[in-house]
Amino acid sequence: MAEVIKGIFHIPGQDEMIPDSHVYIIGDPSSQDLSLVDVGLTGKGGYKMSSIDGFGIKLEDIKRVIMTHTHFDHIGCFAEIKEQIPWVELWVHEAEAEELEQGDERTVYGMDMFQSMCQMQYNVEPGAFRFKVDRRLRDRETLKIGGMTWDVLSIPGHSRGSIALYDESNRILIPGDTVYADYAIGRFDLHGADGAALKDSLMRLAELEVDILLPGHNRIVKDLPADYILKTAQQWAPYLT
Ligand SMILES: [Zn+2]
Ligand SMILES: [Zn+2]
């Protein structure tokens, strides 16, 4: 079902040649203060909007988009979403906010080859990813939104401004592309990536008590084993230097 637990809806990504990130809608609907976590690939705005509609969520209750990081497969359809929900704020970790405001698209595309491929495939103009950032998120901030409490953890490595959102009371982790199900982790070869930082970030996440893992891609896990993230980190450590 689309509602993972009370207060969290999941819109699965619709991968194409390029993946489309999942979207999580966080917040108790009765709070009328909902957030989208990531939006997904260019061209997927209509799909995401119709999913939101299908959940019976009122657009006026959606107040913001929080980015786990600003890769193309996560922020690609932000302009499409913004067209439908013009009042949404954009919240991004401070390490990627400046680039986004300057129209520096190196993090969005990750590498030159991707940039030309995405621009050609999706008819994206150069400079399309210049957005005003309404709030720059910082490590260890606590967000009290939608009747829930989320800690912001800075977890660089997959990208410089990657964050995780952690709900300690419900033991839920939204780690973006840093760690997935099945002992997989995000790539660490794109612009701003750093293998050693990714190792440290995984070790930091390993200290959290997590039952529900809601990653940016692939399946979600509702009964995460206690040492899952630690094992994942240990398995990848030799490659993360
Ligand atoms: Zn990514
Ligand atoms: Zn991704």
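For the stretch 154-178, what are the residues that are outside any strand (DSSP E or B) and within 15 Å of ligand 1 (Cβ to nearest atom)? Can you show your working first?
Quick first cut of the stretch 154-178, residues outside any strand (DSSP E or B) only: 155-162, 168-171, 175-178.
If the condition is that a residue be outside any strand (DSSP E or B) and within 15 Å of ligand 1 (Cβ to nearest atom), then I155, P156, G157, H158, S159, R160, G161, S162, P175, G176, D177, T178 are the ones that fit.
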Subject >> Residue that is farthest from ligand 1 (Cβ to nearest atom), among those in the stretch 179-196 that are outside any loop (DSSP other than H, G, I, E, B) and surrounded by fewer than 20 Cβ atoms within 10 Å (Cβ to Cβ) >> reply: A196
Original post:
Hey, Y239 hits all of (1) away from ligand 2 (no atom under 16 Å from the Cβ); (2) touching a strand residue (DSSP E or B) at 6+ places or on another chain (Cβ under 8 Å); (3) farther than 25 Å from I5 by Cβ but one; which does it fall short on?
Top reply: (2)
**OP:** Those residues that are without any contact (Cβ under 8 Å) to a residue 40 or more places away in the chain and under 18 Å from the mean Cα position of the chain (by Cα), I need them from the stretch 17-40; list them, please.
**Re:** V23, I25, G40
Original post:
Where residues in the stretch 112-135 are more than 28 Å from D200 (Cα to Cα) and of a type in the set (F, W, Y), which of them is surrounded by the fewest Cβ atoms within 10 Å (Cβ to Cβ)?
Top reply: Y122
**OP:** Would you tally the residues in the stretch 198-241 being in a loop (DSSP other than H, G, I, E, B) and either surrounded by 15 or more Cβ atoms within 10 Å (Cβ to Cβ) or more than 19 Å from the chain's Cα centre (by Cα) (or both)?
**Re:** 18
Original post:
Is there a residue being modelled with pLDDT of 95 or more, over 14 Å from the mean Cα position of the chain (by Cα), more than 30 Å from A226 (Cα to Cα) and surrounded by 15 or more Cβ atoms within 10 Å (Cβ to Cβ) anywhere in the stretch 136-154?
Top reply: yes
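Condition check ((1) of a type outside the set (K, R); (2) away from ligand 2 (no atom under 16 Å from the Cβ)) across all residues:
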site	(1), (2)
A164	yes, no
R187	no, no
K199	no, yes
M203	yes, yes
I212	yes, yes
H217	yes, no
V221	yes, yes
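The values are calculated or read from the model by the stated rules, or taken from the named source; none is laboratory data. No experiment lies behind these values; they were computed from the predicted model shown. When we count neighbours, we look across all protein chains shown, and the Cβ atoms used for this are built from the backbone with ideal geometry, even at glycine.
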